[in-house]
Amino acid sequence: MSLMKLNQLYRSVILDHANHPRNFGELATRTSDLVLRNPSCGDIINVQIQVEANQIRAIKFRGSGCTISNASASIMTTMVKGKSLAAARRIINLFLDNIVNKEIKEDEQDQLGDALLLSNVAKFPTRIRCATLSWHALADLIDEQEGVKIND
Ligand code: ZN
């Protein structure tokens, strides 16, 4: 595929998620939620999860963000919904490694799916926080869930 075609693919996937975000809104029943801000861009993201038996049964996000932060949050929710906390954490770590250009294996790249496209649009250091905001929020929520488990 030519570089131009590839760039068009990135754009269309990112724009589709930004304009039609998946899992956008408010969970009626939730275990916890968290708001994170990215002051340099003005993004505000609220991520909510419902966890049962160490599994993310439901996840939604809302807030106002730029195209990259909204698309990233949308992609993130589709990737971790239904996953165990441990599996979700693995995906988060892969994504965060990949976006700072840390080398990841080819089969790991496959696991990232659409999220892999984000690292290409977010190659400017100022946009990395836009792309990672919702992922950091989910990581904090998972920390909180696992903290709860340890205290039981
Ligand atoms: Zn942003």
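Data table
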{"item": "Estimated vicinal HN-Hα couplings, Hz - the range 17-27 in sequence order (Karplus 6.51, -1.76, 1.60; Gly, Pro = x)", "result": "5, 5, 7, 10, x, 7, 6, 8, x, 10, 7"}
{"item": "Accessible surface of ARG127 - all protein chains present, 1.4 Å probe, nearest 10 Å²", "result": "70 Å²"}
{"item": "Rounded to 10°, Cα long-axis angle of helix 85-99 versus longest principal axis of the chain", "result": "30 degrees"}
{"item": "Charged-residue dipole, Cβ positions (Lys, Arg, Asp, Glu), the range 3-145 about Cα centre, Debye nearest 20", "result": "300 debye"}
{"item": "Sum of side-chain charges, ASP43 neighbourhood, beta-carbon under 15 Å (Lys, Arg +1; Asp, Glu -1)", "result": "+4"}
{"item": "Label-to-label distance, nm, for residues given as GLU106 and ALA28 (7 Å Cα→Cβ offset)", "result": "4.7 nm"}
{"item": "Full-stretch length increase - MET4, ASN93 - with 0.36 nm per residue and alpha-carbon distance subtracted", "result": "29.1 nm"}
{"item": "Cα long-axis angle, helix 67-80 against the chain (0 to 90 degrees, to the nearest 10)", "result": "50 degrees"}
{"item": "Accessible solvent surface per residue of the range 3-145, calculated while the other protein chains remain in place, 1.4 angstrom probe, Å²", "result": "51 Å²"}
{"item": "Accessible surface of the chain, 1.4 Å probe, proportion on carbon and sulfur as whole %", "result": "51 percent"}
{"item": "Crossing angle, helix 125-151 versus the chain [Cα axis fit, 0-90 degrees, rounded to tens]", "result": "20 degrees"}
{"item": "Ratio Rg/Rh [Cα only; Rh per Kirkwood] for the range 3-145", "result": "0.95"}
{"item": "In the chain, lysine pairs closer than 29 Å at Cα, eight or more apart or cross-chain", "result": "18"}
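The values are calculated or read from the model by the stated rules, or taken from the named source; none is laboratory data. A quick note: this is a predicted structure, and the numbers were derived from the prediction, not measured. In this analysis, Cβ positions are derived from the backbone assuming ideal geometry, glycine residues included, and neighbour counts consider all displayed protein chains. SASA here: full protein model, heavy atoms, side chains in, ligands and nucleic acids out. Shrake-Rupley method; radii C 1.70, N 1.55, O 1.52, S 1.80 Å.
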